[in-house]
Every structure is written in structure tokens, then in C-alpha cells.
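The values are calculated or read from the model by the stated rules, or taken from the named source; none is laboratory data. Predicted model only: the values in this text are computed from it and were never measured. Cβ: placed from backbone, ideal geometry, glycine included. Neighbour counts: every protein chain shown.
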């Protein structure tokens, strides 16, 4: 995808203070300057940048919500406020690498990232790197990578933004941001909190209740109205950013993000347990900290970062024994410590030539206990000893990257790169990447790229007890893509960008967890997958006079992801079929209509059916999750008073009250409402 | 019973008529217009009804075997595994994650009592049940190593017998001897790891009469017997069979696994035909193969996802 920005966003403009005089949502449109400003660093990259209008639509939205409506990647949600994973181009969630201010935040245990735990208001820039383009940032992104970043405020002096929200299902949101922009020092402090009972009701078509006559004979049945059980949410986020600009082109930064989350694990719609008298919840407390230094010279930029990621996770399953005493059945605990170091140098050797060298290192320490068991030796003792079933492992990972980017002519750019990865004591083969782009004319750019890629097994894949498989091979793949991007605008009037990309990927040794004959699961290198298809995106903005403006973006993806592995046995019907839970088609759109200080945003997404079995059998009622269309709207009104700007927002989610599932038998809410008041005091 | 995948809620029931050689899949959902739930673990026939234990849905459905329609429902369980009827109304229900054996009334569909096994919730679990006389024997599988002996008149545990790491299945033979397979745990388990065994137990004295040791790396499981209990069957890659009176394990399987993954097993109680399921890749519809008592393949039919257990309608 081409880099596309919808002109000035509301967030950026807010920082420029213009609306304190005129709180209109109608924003200026700048002229595109694609040809002149095509950066060397982005030659051939397939990239989508999400603007701050998308990131800051409502304070309650997570990055999972933002990606659902503003990108072509598949977001799999296990319920409202539950685990949400994303996957590019028909790959798995663990094939999406995620960085926060340059540090990878994928779980070293699971390989994936839960996007429901990332508030969009805690992200100032979000960039999607599709396929091979992710190798400029990190290895392992067989589908792609997502870069999440915070950025210093451009507004001088103090800036405060406070939001409170109330919504359906006893949901309360709060957000406070205090920014300070000094000449050299800039600071941003953010706090966000969410509490929700999340006890929505839904018509449960997976159960039936019966009616009886006076003699107790059933005389009818109905699908009951059920309640989302064990789904409560209590999240707290705290973030502190410091940015310091020193003399001599030096910049220093410190970003710290604290998160505390306690969430219920909602019961399936086919679960007959009441939820009352049970504890079924997961908690996570995470600290992420990154400090950085950057120095810019006339023809070079050097930078270094160091980071620490500390996570404590737990899952508790307990039930009331009937006497008020809760009996613990599962109490799994994990402690993750990751230390990170990164350095990079960019040298502009000539006007059209840039060399980049990059080294990143991660040291993971993971202690994980899944459950407790009795020690067999002492099992017959009066007070038998308990033993923890789990693992305590460390792994060092590092990645080195060298690239040359060269604008051979004004219209033609080449990029070649090599990446080498080390995990534990194993070295990946050299990973080559080649990109090129060509400016067909001042509006049209063609791009191609090709690369290898590897993703090594996670620590759970290798060491989980029982089932961890230390003999796993890394997943390996080849990826090719070619695309075309169009951008045209008329300053002050309209702007339009569009892109289309064809991609083709082959992934070998795809890791799948399968049951063993002893009742536990183990990962194996099973599948060979061919993922291919097309991604398209368009966005634009149009001023209709000085008071009206319409803007929008839309994405469409066709993503066949076909299993070409060896048959498990002669009866295997899965070969040549679409992978489980990957839609072949997806589309999304956001359209905003602004009239002075009113704005109406309409969000829409569609996913085609997702198969739940590897043989894609749809003759049964359980072989697929049906396609669904989701519609949300947000209506906003701004007021300017002498001391502040005030914004009122009303969000209606699932506008048409669609009954749907993202994952089989995981209930989702119907139409629901949220109301927000945002206050931004003026410090003139 | 097709387990489906854990947390998918895609379990199902398939019905096969050996005389007509016809199979009907997803019979519960088609008859009742709602799915059966998450992980169907087991089913028994009693009082003219089929009692289906749906493990991760925490429910037991009683269905009419002619129409497959739900006629009763028992809820309130933690994680039920097996149900065993003691009389017209009274039944035991074993569980995982809950060491209590629940006593239920099948007429009122209520839990009436619990049997305290002495284990705690975090580490205790109970599995299959076999009755000989007034005693019910229960194997404790997950990170356990024992068989319990329950007096059904007092609903109390009278004895325990340590048999080896993780006894996974339990049957009785024609001589009222108990047979159990221990899977031996897994390599690296802090609980311990040993070679799998097949043991014959004397139920009256509640002692191990004989233990047969499998080769290292073997994964025996899914014990079954023929109708009169004279032959013991199990899966260990292929399908093995030995007479209840044999004093040594068979060297060769009755049915070799060629290009298939045998998942579960049952034997026709009337004619001795052997039915073995193949879960293939565990995420697609499985198949069941029917063999003659001599091990000759007769036919194959498709069923639901992860066919993990069988129940004979004629045994009601």
C-alpha cells in the first residue's frame, strides 16, 4: 500500500491550535508532492500509514478496532474486550510482527500480540508494512509488520486533553493527556482507564429452552436471550514520554508504558455453566520502556535504543465449592523479561544513494507455569507436595540488517538488503530483500519487491509442558509483490490516493499444534502454504465549499491461503483448501462528512465466510463462521468557549444490530452506544 | 461421539446403522436445531435414552435414540467426563478440574450429592467407571496414578490402588477382572515418566494380578472389549487384541496402521466387528473404518470432527 495521509488530520490540527478560534471539522487540503518528496528510505515499500483521525476517533477504541475499519488485514476478535489478533495476507497472527517505538512487543511465548490491549489514543503513528516491506524493520513478519509509535507534541506550552465516556453494558472510559512543549524538552503524560461489566445480552441460537403444559409435557421451544458471562473488563494504562533536543543535532527520548488489565474470559455460547460462582479471568501487568538517542549530521543519521519489557500474566479458573469457598482449578502464571538493544546508522553517501546498517538484540527470560500437579512421590502422603508444570527458559535473539537504496534516475529507484537472524544458538540463512519502484508519471508509481523470510518457533513451541517440541524448524517463506499507486490532488479542493498490490507467498514448515495420543497437544512443522491475492486501498478528501467536507478511505483484499502440505493420511481432504479462520475476501471503509463544527463518521467492514475445518466442509452447521457486515457511526459536535474547546461525541456500534460472530460460538454484542465529552482547555 | 475442537463448540453426534450401512452426521443439531456443544466426551444408554456428556459445555443431554431429540438436560457440573448409572435413577458423573464425583438423579435432572475423593481441585480428576457388584472402579488419569474403589451403597471410597502413571482407560473382562492402560506420562514431566503398561486387576482383592510392559515410546490407549469380554483390544499405532486369558502381549497387531491415525476404538457387542476412527489432521471431519473380527477391512464412512468415542444403541 502506498503511504497515504488524508491531509491534515484533526489531531495534528488540534496541536496547531487553529480550532480554538474556529472549531470547524473542515480542514485544509494540501497538494500531494509524490514525485519530489519520494523518500529514499521507502523505495518499493508496500506501506499503509494510519492518520490520527483514524487513531483518535473515540477514546474507547483499541488498535484492533482501528485496524478493522482502516486496513485490509484480518482482525479476529474473540468477543467484546477479548483477545484480538491480526493477520496480513492470509497468514497467521504470529506472522505479524509488532513494534512499539522500535521494540518488538510480540509475546516471546506465543508469538502474537493482543491488539485489544492497545488503546488507539496511546498511539500517535501507526504504520503497516506489508509482506517483504516488514524486513526493513524486523524479521519474522511472514505476513507483515505493524509499527506503533508515540511522537512529541508540536504545540508549544501546555496542552491538556481530557475525555470521559459512558456506554452500554455499564462501560466507563476515562482519558487524560497532559503535553508540554518546550524549546528543548517535550513531555507527554497519558492515562486511560476502562471499566465495563460487559454483560451484553444476545439471542443465543446455540441453545434452546422449552415450554411445558400443565402436565409437564413440552409444548414449545425458543432460543433464549443469553448474557455474556465472565466478560468484565478493567484496564488501566499509563504512559510517559520525554523528548529532549540537545545541541549538535542530538535527540534523546524516553517512553514508558504501564498497563494493568484484569479481564474475564467470556464463556462460549454453548456453555451451560452459569458463570455465577466461577472465577474465569486473565490478568496482565506490563511495563514497556524504551530510551533512545539520535544524532543527525549533514549526510548521516545514527541512533541507538535500549528497552525493557516486563510482563506478568495469569489465568485463574476457580469455582465455589458450594460453601462460599473458592477452589482453584487452574492458576497459570507467566513472567516475561525482555531486554532490548538497537542501533542503526544511515549514511547518505550521495544525493541518490543511502546505506543503512542496523543491529537489534533481544534477551528473553520466560518463566511459565501452566498448572500444578501432585508430586507422584508424595501422592500418598497426608500433605502431598505440589509441583508446577511449566518451563523456565531464556533465549537470545539478534538481527542484523544491511541495505543499499539508490535512485538510479529521477524515476527509477532500487533497494537491496540482507538480513541475518540469530535465535538461541541457531543462525538463519541470509535473508535477501529486493525492492524497486518506478515513477510512471507524476501521479503514478509502480513498485515491486521480493524476499525470503523466516520465523523461528516461540518459546511455548519449543518448551511448553507438555508438548513443547525442541526439534521444530523455523517457518520459512518466499514472498513477491507488485503494485501500483496513484496520487493526485488540487490544493484546497480535493485529494485522492489509490493503490493496488498483487502478492504471492510460499511458506514452508508452517507450525501447527496438533493433539497427541496422550491427550496433550504438540507443535509440528506440518503445512506448506501458498498465500496470494490482491490488496487495494483508496482514500480521498473533497472540500464542498468552505463549510462542507467529505473524506473517506476504503480497502479491499482477496486473500486465498491454500494448504499444499503433505496429506496427514489417505483420507485427508484438507489439501488444496483455504486455511481455517482466514477469510478469502475482506473490505472496510470509513467515510466522514463534516459541516463546520459537526462531523458524522461512518465505519463499515465486511468479512467473507471463514472455514472452521481444514477440509472447508460447509455441509454441516459448524463448518464455517458466516460472513458479516458491521456498521458503526460517530456523530461529533465541537464548541469553542473562551477557556476551552469542548467536543461531544455519540458513537453507535453495530448500527443495524447484526447478530454475528467473529469466532465460532464466541458471542458478540448487538447495537450499543457510547457517549463522550472531551475538554481541551486553552492556555492563551 | 465427535469431540470437535476444544473451545470451538463444534462437537457433533454421528449415527451409523450397521445393517443398512448408512451414516447420519450431526444428528443432534439437525434434530434439535442447536449444536450439541464443546467437546462431546462420552455417551451411555440407560432407561431407553442416550446420555451424552458434553465436557466443556458443562452439560449432560438425554436424547431419544429414535429421534435424537433432547428429552432431558442436567447442568451444574464443572467439567463432566463420564456418567455411570447405578440404578433406575441414580448415576455417578466423573469430572476433570473437580475431584468430586457427582451423584445425580436422572429423573429430576439434579445433582443430589458428591463423593469426596480426597483430592483437591487443582490436581484431582476422575475418568472412566466400571461396576462389578456393588463397587464402582474409577481411574484417575491426569497427573494421577491410581484406581479408586467406591462402595455404591455408602457412596464412599473404600480403597485406592496405585497402578502407574496416568491410567487412561478402564474396562472389565468376562472374568470380572479389571484392565487398565497407563500411558506413562510424557518425557520431561515433573510428575514422572515411565513406560506404558497394561495391567489386569483382581477386583475383589483390588490388587494388580499382572502387568504387561510396553516398549519405550509406545502410546497405547483406548481399551475395549468384545461383547462377552473374552478379548481385550487397544490402539498402539495399529490395533492390538489379546484374549483375556493370555499371559503375554501380542507381538503383531491385529490391524496394522498403514496410512492412517487410529484415534478411538469399539467392538460390535453382537458380531465382534471392529470400528476404529481416524481423526486425520484433527481439524476436519474424521472417518470410521469397520473391520471384521479377523481384522479385514469391510467399509469406511465419514463422521464429524475428532471421533473420540462410541456408544452402542442396542446395549440399552
Exercise. Go through (1) in a loop (DSSP other than H, G, I, E, B); (2) in contact (Cβ under 8 Å) with a residue 12 or more places away in the chain; (3) surrounded by fewer than 21 Cβ atoms within 10 Å (Cβ to Cβ) one by one and return the number of the condition residue B:211 breaks.
Key: (1)
Quiz item: Counting only residues that are touching a strand residue (DSSP E or B) at 6+ places or on another chain (Cβ under 8 Å) and within 12 Å of chain A (Cβ to nearest Cβ), which one in region B:215-230 is farthest from residue B:128 (Cα to Cα)?
Solution: B:218
Quiz item: Just checking, how many residues over region B:97-129 are more than 20 Å from residue B:151 (Cα to Cα), away from chain A (no Cβ under 11 Å) and part of a loop (DSSP other than H, G, I, E, B)?
Solution: 3
Quiz item: Only one of these conditions is not met by residue A:470: (1) within 14 Å of chain B (Cβ to nearest Cβ); (2) under 28 Å from the mean Cα position of the chain (by Cα); (3) surrounded by fewer than 18 Cβ atoms within 10 Å (Cβ to Cβ). Which number is it?
Solution: (2)
Quiz prompt | region B:190-206 - residue that is surrounded by fewer than 18 Cβ atoms within 10 Å (Cβ to Cβ) and touching a strand residue (DSSP E or B) at 6+ places or on another chain (Cβ under 7 Å) and, of those, nearest to residue B:160 (Cα to Cα) | solution = B:206
Quiz prompt | Boolean, residue B:233 is more than 14 Å from chain A (Cβ to nearest Cβ) and under 30 Å from residue B:87 (Cβ atoms) | solution = yes
Practice problem: Could you identify the single residue in A:551, A:546, A:499, A:489 that is under 16 Å from residue A:131 (Cβ atoms), in contact (Cβ under 8 Å) with a residue 24 or more places away in the chain and away from chain B (no Cβ under 14 Å)? | Solution: A:499
Quiz item: Hey, any hits in region B:246-257 for a residue that's surrounded by 22 or more Cβ atoms within 10 Å (Cβ to Cβ), free of Cβ contacts under 8 Å to residues at least 60 places away in the same chain and under 26 Å from residue B:306 (Cα atoms)?
Solution: yes
Quiz item: Any idea which of (1) in contact with a strand residue (DSSP E or B) (Cβ under 8 Å, 6 or more places away or on another chain); (2) within 16 Å of residue B:15 (Cβ to Cβ); (3) more than 11 Å from every other protein chain (Cβ to nearest Cβ) is the one residue B:255 doesn't satisfy?
Solution: (2)
Quiz item: Using beta carbons and a limit of 7 Å, which pairs, at least six apart or on different chains, have the first residue in region A:654-665 and within 13 Å of chain B (Cβ to nearest Cβ) and under 15 Å from residue A:81 (Cβ atoms) and the second one modelled with pLDDT under 95 and assigned to a loop (DSSP other than H, G, I, E, B)?
Solution: A:663/A:78
Quiz item: Does residue A:446 fit the bill of being touching a residue at least 60 places away in the same chain (Cβ under 8 Å), over 20 Å from residue A:110 (Cα atoms), out of contact with any helix residue (DSSP H, G or I) (no Cβ under 6 Å at 6 or more places or on another chain) and assigned to a strand (DSSP E or B)?
Solution: no
Practice problem: Mind telling me which of the residues A:351, A:294 ends up being more than 14 Å from chain B (Cβ to nearest Cβ) and touching a strand residue (DSSP E or B) at 6+ places or on another chain (Cβ under 7 Å)? | Solution: A:294
Quiz item: When region B:168-200 is examined, which residues are found to be in a strand (DSSP E or B) and away from chain A (no Cβ under 12 Å)?
Solution: B:170, B:171, B:172, B:177, B:178, B:179, B:180, B:197, B:198, B:199, B:200
Self-check item: Candidate set: region B:258-280, residues that are outside any strand (DSSP E or B) and within 14 Å of another protein chain (Cβ to nearest Cβ); chosen: the one surrounded by the most Cβ atoms within 10 Å (Cβ to Cβ)
Solution: B:279
Exercise. Could you please find all residues in region B:74-89 being away from every other protein chain (no Cβ under 14 Å), over 19 Å from residue B:171 (Cα atoms) and part of a strand (DSSP E or B)?
Key: none
Practice problem: Please indicate, with yes or no, whether at least one residue in region A:666-673 is in contact (Cβ under 8 Å) with a residue 40 or more places away in the chain, surrounded by fewer than 17 Cβ atoms within 10 Å (Cβ to Cβ) and part of a strand (DSSP E or B). | Solution: yes
Quiz item: Which one of B:23, B:53, B:44, B:71 is more than 10 Å from every other protein chain (Cβ to nearest Cβ), over 16 Å from the mean Cα position of the chain (by Cα) and part of a strand (DSSP E or B)?
Solution: B:23
Quiz prompt | Residue count for region B:6-19, restricted to those that are in contact (Cβ under 8 Å) with a residue 24 or more places away in the chain, more than 8 Å from every other protein chain (Cβ to nearest Cβ), more than 15 Å from residue B:58 (Cβ to Cβ) and in a loop (DSSP other than H, G, I, E, B) | solution = 3
Quiz item: Any residue at all in region A:600-611 that is in contact (Cβ under 8 Å) with a residue 24 or more places away in the chain, within 14 Å of chain B (Cβ to nearest Cβ) and part of a strand (DSSP E or B)?
Solution: yes
Quiz item: From the list A:234, A:273, A:263, which residue is surrounded by 15 or more Cβ atoms within 10 Å (Cβ to Cβ), under 30 Å from residue A:326 (Cβ atoms) and within 14 Å of chain B (Cβ to nearest Cβ)?
Solution: A:273
Practice problem: Enumerate the strands (runs of 3 or more DSSP E) found wholly within region A:183-231, keeping only those where 1 or more residues are in contact (Cβ under 8 Å) with a residue 60 or more places away in the chain and either within 39 Å of the chain's Cα centre (by Cα) or within 14 Å of chain B (Cβ to nearest Cβ) (or both). | Solution: A:185-196, A:201-203, A:225-227
Exercise. Within region A:578-588, track down each residue that is more than 16 Å from residue A:622 (Cβ to Cβ) and part of a loop (DSSP other than H, G, I, E, B).
Key: A:579, A:582, A:583, A:584
